[in-house]
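K.L.:
For reference, the structure I am asking about is given below.
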There are 2 protein chains.
Amino acid sequence: MNLPDELKPTPRVLMGPGPSDVHPRVLRAMATPLLGHLDPQFLALMDSTKRMLQEILRTRNELTFAVSGTGSAGMETVLVNLLEAGDEALVCVNGVFGTRMCDIVERCGARLVRVDAEWGKPIDPAQVEKALKSCSPKLVAIVHAETSTGVWQPLVEIGNLARERGALFVVDAVTSLGGVDVRVDDWGIDALYSGTQKCLSAPPGLSPVTFSPRAVEVIEKRKTKVQSWYLDMGMVRKYWGAERAYHHTAPISSVYALYEALRIILEEGLEARFERHRRAHELLRAGLEAMGIEFVVESAYRLPQLNAVRVPAGMEDGPTRKRLLEEFNLEIGGGLGVFAGKVWRIGLMGHGAEPNHVNMLLAALNMLRSG
Amino acid sequence: MNLPDELKPTPRVLMGPGPSDVHPRVLRAMATPLLGHLDPQFLALMDSTKRMLQEILRTRNELTFAVSGTGSAGMETVLVNLLEAGDEALVCVNGVFGTRMCDIVERCGARLVRVDAEWGKPIDPAQVEKALKSCSPKLVAIVHAETSTGVWQPLVEIGNLARERGALFVVDAVTSLGGVDVRVDDWGIDALYSGTQKCLSAPPGLSPVTFSPRAVEVIEKRKTKVQSWYLDMGMVRKYWGAERAYHHTAPISSVYALYEALRIILEEGLEARFERHRRAHELLRAGLEAMGIEFVVESAYRLPQLNAVRVPAGMEDGPTRKRLLEEFNLEIGGGLGVFAGKVWRIGLMGHGAEPNHVNMLLAALNMLRSG
């Protein structure tokens, strides 16, 4: 065969739903020569990574670490470890990622109860309350930041309802963590998963997860083996914990990247980081509205880091995104599911939530529209 | 909290069971700024990666790609996609990784038939033939290069037996690929998984896999959903194939690394690479034997890339490996399972299969022994 060309991708500005632009310090960390996965220096890095994750998740949960897969592997980890065949699970659905949770719940052999809201709207706690009157689920699962719609879901009330009914509260924080506040302990979250490639500004490949002591107890009392060997917490926690028992080879370079990304976040400070996301979003909002472009989500529930807007009249979805990519090296996301062809998803995530990103995109859109 | 220290691991020489030393060009590839996972340039890289994998696997299998997880995720991918509850599976076991396959087979709800050999010995085809007389398995699974023992398993005869009985032939090539020959099509292999962190000399995080048309047919005819959403071939293949349907966010940087690692392998040429592994192994063997250190595996079945040797009299396992790491920055592996405390595993994998690695280790061992 002919040898493929050298690796020389065109530098892009990533303003889609993720991956987002990775901080140069994180890229440099990725190029660090490897340690062995049982080297004492690597184990120390894992411990520090865990402590930093606890800090940004605002939790004391001992079982806090990064799953060796992307955010969807984190979703599967949480669900397959907490559910057994015959259990009941209530899943809130208002976009792609709630739908995905339903699919996994069913693959666990669990009985699914759905609470739906229209795409682009938050889940109504009253609907959850009503559903909980006629079922008794082991867990209630919900997406904090729906990447497919841009909805910022309030969690506290629904978490309280879950707890009152004795259910575990499970949260998808793939797109929220690092961009808006996530308070695991204060909000009574029992299990949560995230991803590295959104507001943490590291490459995709790891999924930070955390389990409360209540969730750990549920895992310890399982009657059956977890259906996934790779994601079985009973074994993985022995490697991330004090025993350091070999399970699978940790993705060393990805842990380096996460370690550096978390240091950058803590250097900046969580509040300053959230404020930066808010400011970038406001700048984008003002610019888009000046162009007559409308948001999908009403302002009270809009994520600053994932801006879903309607494709404006006079511009075509595919051709416009293609020109943004080819002529400006700017990537924005198209719509998924019912939003395909109708919605753009503009990411302002982590390192990329800053005015130059916004200004580049607004100016490019204006140029494309006018000519 | 106090901010953890900057990332500055001590440079190590990795001569354990993996991860192995990563080629500097691959490290540099890891630091490349990211493309989006649906960027046409990234899709082209995926296509080239697939073609290079086909080349080094010596296969025309259309379904050839890299799973977004480490080698164990590849193992799980192959087994959960091919097996359904109630199926029968024959697994050959002579070390940790055969045992792991049994665990996963049982989590699939399949009926397990085991053919065992002593650790350090290859599986005897006559035993497989005998077992096949009293069962009718959907697949026969075996490890090509047992990382826990250093056994190089001959495959052709057992593959023929499987096919004669109408079973799929499944091979673990985690430690073999890139170090010794792997001929998927010639040997009638129906499904195979590997890892990036052994003889491919890339960081851990991806698992190259391939499925024959027969295996694809089995997947297409499944009656039940695959128990893992993340590893469901029916969906993953739509992203790696022409449809490019979104499934999960690909680990972009890890694909960059694999791409560059595969280019390096094809530049060197497979035969030259295998010869380099053989020569490094011979140099190591001569040096260890001169010290009176014995191999676990008889010479006909010794892997060049994974040298399992008995801890010699007069040297202690843990303290010696600790001194190698602390005083010489050399990592070798300890024994697993029944070999714990008794065996060392010395890796000569990929980029690290060269005389300087061997000479450093032999000289350090001699220094530790004499003083």
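K.L.:
Taking helices (runs of 4 or more DSSP H) that fall entirely within the stretch A:183-291, which contain at least 1 residues that are within 11 Å of chain B (Cβ to nearest Cβ), touching a helix residue (DSSP H, G or I) at 6+ places or on another chain (Cβ under 6 Å) and closer than 30 Å to B:V26 by Cβ?
P.N.:
Of the helices (runs of 4 or more DSSP H) lying wholly inside the stretch A:183-291, those with at least 1 residues that are within 11 Å of chain B (Cβ to nearest Cβ), touching a helix residue (DSSP H, G or I) at 6+ places or on another chain (Cβ under 6 Å) and closer than 30 Å to B:V26 by Cβ span A:252-268.
K.L.:
Provide a single number: the residues in the stretch A:81-94 that are surrounded by fewer than 24 Cβ atoms within 10 Å (Cβ to Cβ) and either touching a Ser or Thr at 6+ places or on another chain (Cβ under 8 Å) or not acidic (D, E) (or both).
P.N.:
Residues flagged as surrounded by fewer than 24 Cβ atoms within 10 Å (Cβ to Cβ) and either touching a Ser or Thr at 6+ places or on another chain (Cβ under 8 Å) or not acidic (D, E) (or both) within the stretch A:81-94 amount to 5.
K.L.:
Could I ask something else about it? Mind checking whether some residue in the stretch B:47-63 is small (G, A, S), modelled with pLDDT of 95 or more and surrounded by fewer than 24 Cβ atoms within 10 Å (Cβ to Cβ)?
P.N.:
Yes - at least one qualifying residue is present in the stretch B:47-63.
K.L.:
How many residues are touching a residue at least 60 places away in the same chain (Cβ under 8 Å), among the charged types (D, E, K, R) and closer than 15 Å to B:A167 by Cα if we restrict to the stretch B:111-152?
P.N.:
1
K.L.:
Return the residues of the stretch A:338-359 that are aliphatic (A, V, I, L, M) and either within 21 Å of the chain's Cα centre (by Cα) or surrounded by fewer than 16 Cβ atoms within 10 Å (Cβ to Cβ) (or both); say none if nothing qualifies.
P.N.:
Matches in the stretch A:338-359: A:V338, A:A340, A:V343, A:I346, A:L348, A:M349, A:A353.
K.L.:
Taking B:G69 as the residue in question, decide whether it is in contact (Cβ under 8 Å) with a residue 60 or more places away in the chain, within 14 Å of chain A (Cβ to nearest Cβ) and crowded, with 23+ Cβ neighbours inside 10 Å.
P.N.:
yes
K.L.:
Evaluate the following for A:M75: is it within 9 Å of chain B (Cβ to nearest Cβ) and either free of Cβ contacts under 8 Å to residues at least 24 places away in the same chain or surrounded by 24 or more Cβ atoms within 10 Å (Cβ to Cβ) (or both)?
P.N.:
yes
K.L.:
Here's something else I'd like to know. May I ask you to list the residues in the stretch B:143-152 that are assigned to a strand (DSSP E or B), of a type outside the set (G, A, S) and either under 12 Å from the mean Cα position of the chain (by Cα) or surrounded by fewer than 24 Cβ atoms within 10 Å (Cβ to Cβ) (or both)?
P.N.:
Listed by number, the residues that qualify are B:V143, B:E146, B:W152.
K.L.:
Against the condition free of Cβ contacts under 8 Å to residues at least 24 places away in the same chain and in a loop (DSSP other than H, G, I, E, B), how does A:G318 come out, does it pass?
P.N.:
Here the answer is no, as A:G318 does not meet what is asked.
K.L.:
Something else about it: Quick check, is A:K198 among the charged types (D, E, K, R), out of contact with any Ser or Thr (no Cβ under 6 Å at 6 or more places or on another chain) and either assigned by TED's automatic domain parsing to the domain that holds A:L139 or over 23 Å from A:H144 (Cα atoms) (or both)?
P.N.:
no
K.L.:
Can you pull out every residue in the stretch B:75-95 that is in a strand (DSSP E or B) and either farther than 23 Å from B:Q127 by Cα or not aliphatic (A, V, I, L, M) (or both)?
P.N.:
The answer is B:E88, B:C92.
K.L.:
OK, next. Being in contact (Cβ under 8 Å) with a residue 40 or more places away in the chain, part of a loop (DSSP other than H, G, I, E, B) and under 21 Å from the mean Cα position of the chain (by Cα) is the requirement here; does A:V297 meet it?
P.N.:
So A:V297 passes the test.
K.L.:
Okay, next question. Just for the stretch A:8-46: of the residues that are surrounded by 20 or more Cβ atoms within 10 Å (Cβ to Cβ) and of a type in the set (S, T, N, Q), which one is nearest to B:F42 (Cα to Cα)?
P.N.:
By that ranking, first place goes to A:S20.
K.L.:
Can you work out which of the residues in the stretch B:14-63 that are part of a helix (DSSP H, G or I) and of a type in the set (G, A, S) is farthest from the other protein chains (Cβ to nearest Cβ)?
P.N.:
Per the criteria, the residue is B:A44.
K.L.:
Of all residues in the stretch B:290-304 being touching a strand residue (DSSP E or B) at 6+ places or on another chain (Cβ under 8 Å) and of a type outside the set (V, I, T), which is farthest from B:P355 (Cα to Cα)?
P.N.:
Selected residue: B:Y301.
K.L.:
Determine which single condition B:N359 fails, assuming it passes every other condition in (1) over 24 Å from B:L200 (Cα atoms); (2) in contact with a Leu (Cβ under 9 Å, 6 or more places away or on another chain); (3) away from every other protein chain (no Cβ under 14 Å).
P.N.:
(1) is the only condition that B:N359 fails.
K.L.:
On the given criteria, is B:Y239 among the aromatic types (F, W, Y), surrounded by fewer than 24 Cβ atoms within 10 Å (Cβ to Cβ) and out of contact with any Asp or Glu (no Cβ under 9 Å at 6 or more places or on another chain)?
P.N.:
yes
K.L.:
Please enumerate the residues belonging to the stretch A:313-337 that are within 28 Å of A:G98 (Cβ to Cβ) and either surrounded by 17 or more Cβ atoms within 10 Å (Cβ to Cβ) or touching an Asp or Glu at 6+ places or on another chain (Cβ under 8 Å) (or both).
P.N.:
Result: A:R321, A:E331, A:I332, A:G333, A:G334, A:G335, A:L336.
K.L.:
Here's a follow-up. State yes or no: is B:P9 over 18 Å from the mean Cα position of the chain (by Cα), free of Cβ contacts under 8 Å to residues at least 60 places away in the same chain and within 26 Å of B:E268 (Cα to Cα)?
P.N.:
So B:P9 does not fit the description; no.
K.L.:
Can you tell which of B:R165, B:R214, B:R183 is over 22 Å from B:I104 (Cβ atoms), surrounded by fewer than 24 Cβ atoms within 10 Å (Cβ to Cβ) and either touching a Gly at 6+ places or on another chain (Cβ under 9 Å) or among the basic types (K, R) (or both)?
P.N.:
B:R183
K.L.:
Given the conditions (1) of a type in the set (S, T, N, Q); (2) under 17 Å from the mean Cα position of the chain (by Cα); (3) loosely packed, with under 15 Cβ neighbours inside 10 Å, and given that A:N307 satisfies all but one, which numbered condition is not satisfied?
P.N.:
(3)
K.L.:
For B:R369, indicate whether it is closer than 26 Å to B:E260 by Cα, touching a residue at least 24 places away in the same chain (Cβ under 8 Å) and assigned to a helix (DSSP H, G or I).
P.N.:
Spelling it out, it is not the case that B:R369 is closer than 26 Å to B:E260 by Cα, touching a residue at least 24 places away in the same chain (Cβ under 8 Å) and assigned to a helix (DSSP H, G or I).
The values are calculated or read from the model by the stated rules, or taken from the named source; none is laboratory data. The shown structure was predicted, so the numbers you read here are calculated from the model rather than taken from an experiment. Glycine gets a Cβ as well: all are built from the backbone with ideal geometry, and neighbour counts include every protein chain shown.
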